[in-house]
């Protein structure tokens, strides 16, 4: 049976909390921040949870407000606590990531699956086009579930393509702007035009992604959907997915034997 974490139970102890996922790390530093704590450097815990420096080996020395790695030789501590041994749902029943958080989680997922070394821009271009085709199908049939899935999947594929190309759209400049009602035909035409631009190797990746990002936001608006929630759904769907990189594309484990 898990217990509620009480920091006072560990006063004066050389103790650390082990958080092996970015979600757990963010929940834990939010807990520390809510207690009025900050990094020993004086920085806000919420500005940077430092998880990406040691990833799944990250330890938080919450009495000293420092961090380290469970895998570093010479790490000495009286107690290492496991985040999973505590019931965080008491204080954090739900967790919603902002778009910047989700971008970090998605790119970490891509890094862990060797997109940097095994993925190609061409392979990711094909993936973006596949997901756009799914979105066209969803809009054509007014299939809300498919539209939600496809908006998120297109965005995830776009983000990884940008990462491979070292070009990034500043979403904050375009999110929730220029939103208006569009007919089904207008949305389908614009998606088709974006797909043509994406498949054109002479087209600027940044330019066409800005247009597609704005269109995805607008499609979500037309269907009364929350764009960020669509992206979060896509991340939750892929976060535990395993597979291999084949010819520049990630192939799901369930599809490897087909």
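Which residue pairs have Cβ atoms closer than 6 Å, lie 6 or more positions apart in sequence or on different chains, and pair a first residue in the stretch 34-49 that is farther than 14 Å from residue 60 by Cα with a second residue that is modelled with pLDDT of 90 or more?
Short answer, once both residue conditions are applied: 44/38.
So which residues in the stretch 4-28 are in contact with a strand residue (DSSP E or B) (Cβ under 7 Å, 6 or more places away or on another chain) and within 23 Å of residue 56 (Cβ to Cβ), if there are any at all?
5, 15, 16, 17, 18, 19, 25, 28
For residue 38, are the conditions met, namely being exposed (fewer than 14 other Cβ atoms within 10 Å of the Cβ) and not in a helix (DSSP H, G or I)?
no
For the structure I just gave you, tell me whether residue 38 is over 22 Å from residue 107 (Cβ atoms) and modelled with pLDDT of 85 or more.
Criteria met by residue 38.
Here is a yes/no grid of residues against (1) at pLDDT below 95; (2) crowded, with 19+ Cβ neighbours inside 10 Å; (3) under 22 Å from the mean Cα position of the chain (by Cα):
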{"site": "156", "(1), (2), (3)": "no, yes, yes"}
{"site": "164", "(1), (2), (3)": "yes, yes, yes"}
{"site": "174", "(1), (2), (3)": "yes, no, yes"}
{"site": "208", "(1), (2), (3)": "yes, yes, yes"}
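Which one of 162, 134 is without any contact (Cβ under 8 Å) to a residue 40 or more places away in the chain, part of a helix (DSSP H, G or I) and either outside the structural domain of residue 229 (by TED's automatic domain parsing) or out of contact with any strand residue (DSSP E or B) (no Cβ under 6 Å at 6 or more places or on another chain) (or both)?
134
Residues of the stretch 239-258 being touching a helix residue (DSSP H, G or I) at 6+ places or on another chain (Cβ under 8 Å), over 27 Å from residue 24 (Cβ atoms) and not in a strand (DSSP E or B), which ones?
247, 248
On the given criteria, is residue 160 within 21 Å of residue 127 (Cβ to Cβ) and surrounded by 13 or more Cβ atoms within 10 Å (Cβ to Cβ)?
Against the criterion (within 21 Å of residue 127 (Cβ to Cβ) and surrounded by 13 or more Cβ atoms within 10 Å (Cβ to Cβ)), residue 160 qualifies.
Specify which of the listed residues (189, 224, 218) is assigned to a helix (DSSP H, G or I), under 24 Å from the mean Cα position of the chain (by Cα) and assigned by TED's automatic domain parsing to the domain that holds residue 113.
Step by step, each of 189, 224, 218 is checked, and only 218 is assigned to a helix (DSSP H, G or I), under 24 Å from the mean Cα position of the chain (by Cα) and assigned by TED's automatic domain parsing to the domain that holds residue 113.
Conditions first: (1) under 17 Å from residue 130 (Cα atoms); (2) surrounded by 20 or more Cβ atoms within 10 Å (Cβ to Cβ); (3) over 20 Å from the mean Cα position of the chain (by Cα). Residue 231 passes all but one, so which condition is the exception?
It is condition (3) that residue 231 fails.
The values are calculated or read from the model by the stated rules, or taken from the named source; none is laboratory data. All figures in this text were calculated on a predicted structure; none of them were measured in a lab. Glycine also receives a Cβ, built like all others from the backbone with ideal geometry; neighbour counts cover every protein chain displayed.
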